[in-house]
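What follows draws every value from the coordinates through simple rules; no lab data is involved. Every value quoted in this text rests on a predicted model; they were computed, and no experiment measured them. Positions of Cβ are generated from backbone atoms using ideal geometry, with glycine treated the same way; all protein chains shown enter the neighbour counts.
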Amino acid sequence: MKNAHDPSLAVMDLPRRDARDKLRGRTRYTVDQAGPEVLHAVLLRATVASARITRLDVTPALAMEGVHAVATHLDAPGLHGIGIADHPIFASDIVRYHGEPVAVIAAETLALARRAARAVIVDYETLPPVLTLQAALAPDAPLVHPGWENYDVLHPGAARGGNVAWEARVDRGDTDAAFARKDVTIVEGSYDVGRQNHVPFEPRAVIASYEDGRFHIQTSTQAPWTVKHVVATVLQVPEFAVRVTVPAVGGGFGLKFDCSLEPYAAILARKSGRSVSLVNSRREEMMTCLCRENAEIRIRSAIDAEGAIVAREATVLMDCGAYGGEQVFLTTMTAHTLAGNYRLGAAKILTRAVYTNTPPNGAFRACNGVYNTFALERHTDEICAAIGMDPFAFRRRNVIGDGDIGATGQTFQGDVLRPMLDRMIDKYPVERRSGRLPDGRLYGRATTVGTWFIFVGPSAATVNLNADGSATLVTAGVEIGSGTMMQSLPQIVAANLGIHPDAVIVKTADTDAAGRDLGVGGGRTTVSIGAASEAACAEVREKLLTVAARLLQTSATALVLTNGRVEIAGKPGSGMALKAVIAEAELTTGPIAGSGAFTAAGTTAMPGCATGHFIDAIDIPVFAVHDCEVAVDETSGRCEILSYRVVQDVGRALNRRAIHGQIQGGVVQGIGYALTEEVTIGADGAIEQTGFDTYHVPLAGDVLPVDFDLYEGAPSLGPLGTKGAGEVPILNVAATLACAIANATGKPVASLPMTPERVAALIAGDAR
Amino acid sequence: MTVSFTLNGRARTYAGDPRSSLLEVLRETYRLTGAKDVCGEGFCGACMVQIDGMPTTACLVPVGTLEGADVRSIEGVGTEEQLNPVQQASIDFDVVQCGMCFPGMVMTLTHFLQDNPQPTREDVKSALTGNICRCTGYERIIDAVMSLSLAPKPLTEAQP
């Protein structure tokens, strides 16, 4: 009975139910929850990048009046991580990055906790830090993790060693033979990118308490089940002893996809017997952000006389910072980005996540896809220049289409990128790609393609049908601002049950109520939680229609759910109100509820060509075509964006207005990454941008309206044919701007961000 | 030392440290958490309130300077039944995402529209120089504000 409803019923511009309180200042985010009864905690963070701790004495802090608890590594023996359990929550004997927590203090006020943190005695014997990828990979480099061989490996199969935390590779076909061919043109490029800070307006924040022998953690997270797991792991308590609930989240963008502050607050809550609030200051948030990582990308391609890419080799170095974290997983995604846009005869791709003595990096909206797309599309334009082929014609000829194989040998379904390219160019024909504007500035235009994935995996949902004919959806999904929990999920459930979305109550995440879920990220919520919700609705429909069929003396297959009623199909008014059916059900079978589940399809790849990968193939690819025009001032290097256009593969658009909001916001975040947002690390290993004065996110005056076109109908496993629409808008922004600036200036743009200084230097010939 | 001022139309006397920022006092003493502590340095505008009618970042104002002042925070704008026009347009145009910046945006834009009933898009953008948003990319907020302009509407005007 699944999908026995009309999918178009789920399509609407439903407004957000949380907007009113957000606009009135009434919404209580985690940072707003702590009342006078709560203790305030502060982390004492290391002020050196690499050191041995020779003395740690917390007794002066503990002796202060109003200090309730202090915790150190002795309170949290466990290690956590993704792929490798390499991460303690406190430095014990070794400090690995500037800002690493050494102790945490709970006191009656924040000011007192800060004073107490200053009273803790810590002595360091400093060690030479490795602060860059080059330093980490030098033959005689000091090891960030001298004991790397002793860590538990949570996902076997990857090469590791020294400062290489993880190595993923793809070897598909014989690239050596292809590069040795006499009839190919070989094009090489190397690119480098800096970090990007998420700057969610709500910093990472948590309030923990210890009740009836269990931890209750209220936190600003995207992944409540991850928090539950990691807290239990590092505290070495059973997972069932941890409950996680999530208030409204004030922005995530991937930063909150990992556990962060929660275990510290949990320990202090147990020690003090009080509720404990821990909130990163903006300075801490800037200096310890799990940034989109800095990276270096080298790509080499062999092109035959017809313009086919017969082979590609690439090496990507990702800086994971002091601990492996999300970068270990993301090594997998290099292959699907660098070898997922275009048909390749053979591919050899090596990705290394490298330890340095710098703050750990993490996940950020489309992750390494953003810079790999930048590198690949600049490389693609360099190929076009080398072989003398029009960049649009080259892309149109080579993009992945129906039946083509991807990085790891999976077969792609459907022609998607090519018709998307055509749609862009039909709407905005190319007159020129470079030139000079009447005001003297350099003009450039570029069109790029991008391939990313929807991160699927386990989700669970329960739907309770209530006596009044409303439904309650219980999942571990979190509303982080993208609108998924406010719009697409109630729209999906309502369409399945024939009720209005306003009559779908969406329970906020509570791991005591909802089943396991991977978290809100990777464009997965509408798809994974949506599919689980549909499965739960299918059970509800079946139970409901069985009762209704008996009452209406017809077969269940003849019935439809619409406008809060059960009707005989094609005969409006013939049936009865849902409430009446539910009342009958209560007398015969009891209240109606359904549970549903979803997980990854496990799309097959070519056996043996991927090593160290977390996923063999991408279950749901998602594509984007971007186009922009820029004007570059030759003297200042300042770049003005004249137009920006997006054609985005959405599968099916459930809420066009909400998707528009994601595209406008995602593109602008990408503009910041491409042009102004720069993170640098000083000689002391500290991130130098500590606030909004030095880290420049786009302001209203820096942006423009993004033109968009939603491409519907591409194959998708998602419910109603949907794909996630919130993550991918950022994917090719840096790529498109870089290609346009390269076209405008005639210079080989190879580094991000393209700050005015860097662009001016490029034009003047002082840099690459 | 105490400080007496009006907060959302109600007389208040504050007896704590006069050096505390108005933002701390709103959030901790009065538990009015609509003004957000985001940058703490006056750049982002998430803590914008109106002091004697002027938009002001509450993080930079010591409460001791407010003797006799008329302070209005987001909690004093609009009612459950009747939102103010900027709030209503923000709902009508579906522009809210995470929502952390919107209390400040409403304070700034409400005052701006009083002084500039027929703004251009560029005027609105200039007015938002001190209000940063990380989610929305701004333009749809500008669409919502432009719908409130008293200027004749061009045919191409964005619709909610």
Cα-based equivalent ellipsoid of region A:559-629: semi-axis lengths in Å, sorted from largest, via gyration tensor: 47, 22, 11
On full extension of the chain, what length is gained from A:A111 through A:A601, given 0.36 nm per residue of separation minus the C-alpha to C-alpha distance? 171.3 nm
Which helices, taking whole DSSP H runs in chain B, have alpha carbons extending 15 angstrom or more along the helix axis plus mean Kyte-Doolittle at least 0.0? B:102-115
hull vol. (C-alpha, convex hull) per residue for region B:85-150, Å³ -> 72
For the A:E542, A:T411 Cβ pair and Förster radius 30 Å, calculated FRET efficiency rounded to 0.05 is 0.30
Per residue of A:24-35, what is the mean number of Cβ atoms on other protein chains within 10 angstrom of that residue's Cβ? 6
Over the Cα atoms of region B:24-119, compute the convex hull volume and normalise it per residue, giving Å³. 116
Return the sequence-ordered ³J(HN,Hα) values of region A:421-427 in whole Hz as given by the Karplus equation 6.51 cos²θ - 1.76 cosθ + 1.60 applied to θ = phi - 60°, using x for Gly and Pro. 4, 4, 4, 4, 6, 5, 6
Cα convex hull volume per residue for region A:18-170, in Å³, equals 186
Sparsely packed chymotrypsin sites (Phe, Trp or Tyr not before Pro) within region B:5-52, loop by DSSP, other Cβ within 10 Å at most 16: B:Y30
Using a 10 Å cut-off around each Cβ, can you sort A:L110, A:L44 from fewest to most neighbouring Cβ atoms? A:L110, A:L44
Hey, how many Å between the Cα centroid of region A:580-644 and the Cα centroid of region B:1-17? 51
Subset of A:K579/A:K723; A:K22/A:K256; A:K228/A:K543; A:K22/A:K579 violating a 23 Å alpha-carbon distance limit: A:K579/A:K723; A:K228/A:K543; A:K22/A:K579
Average other protein chain Cβ within 10 Å of Cβ, residues B:67-79: 1
Rounded to the nearest 5, what % of the DSSP beta bridges within region B:3-75 are antiparallel ones? 85
Can you give the FRET efficiency to the nearest 0.05 for A:A159 and A:A138, using r as the Cβ-Cβ distance and R₀ = 25 Å? 0.85
Linear extension gain, A:N466 paired with A:R283, 0.36 nm per residue minus alpha-carbon span: 61.2 nm
Cβ neighbours within 10 Å from other chains - mean over A:95-102: 0
For region A:236-293, how big is the tail of P(r) above 16 Å, as a whole percent of Cα pairs? 55
Chain A - percent relative contact order, Cα under 8 Å, separation 6 or more: 16
Hey, what's the Kirkwood Rh for region B:3-75 if you take every pair of different alpha carbons, in angstrom? 11.8
12 Å reach of a label modelled at A:T47, 7 Å along Cα-to-Cβ, counting backbone N of region A:90-124: A:99, A:118-124
Run through region A:178-273 and list the trypsin sites (Lys or Arg not before Pro) located in a DSSP loop whose Cβ has at most 15 other Cβ atoms within 10 Å. A:R181, A:K182
Computed [θ] at 222 nm, deg cm²/dmol, chain A (DSSP H ≥ 4; -39,500 (n - 2.57); rounded to nearest 500): -7500 deg cm²/dmol
How do A:D633, A:D684 line up, fewest other C-beta atoms within 10 Å first? A:D684, A:D633
Explain nothing, just compute: Karplus ³J(HN,Hα) = 6.51 cos²θ - 1.76 cosθ + 1.60, θ = phi - 60°, for every residue of region A:281-294 in order, whole Hz, x for Gly and Pro. 5, 4, 4, 4, 5, 5, 7, 10, 4, 7, 4, 4, 6, 6
Assuming 0.890 mPa s and 25 °C, estimate D for the protein assembly as shown with Stokes-Einstein, Rh taken as the Kirkwood radius over Cα pairs, in µm²/s. 85
Ranking A:W166, A:W452, A:W148 by Cβ neighbours within 10 Å, fewest first, what do you get? A:W148, A:W166, A:W452
Tell me which residues come under 5 Å, amide H to amide H, from A:Y711 once H is placed; ignore anything under 5 positions away on its chain. A:Q648, A:D649, A:V650
Quick one: length gained pulling A:A241 to A:R118 fully straight, 0.36 nm per residue minus the C-alpha distance? 41.0 nm
For region A:116-151 and region A:184-250, what is the separation of their Cα centres, given in Å? 24
So, with points 7 Å from each Cα along the Cβ direction, the A:A308-B:S4 label distance in nm works out to 8.8
Apply the a/c threshold of 1.5 to the C-alpha gyration tensor of region A:161-308 and tell me whether it is rounded, prolate or oblate. prolate
What are the extents of the Cα atoms of chain B along their three principal axes, in Å, largest first? 58, 27, 26
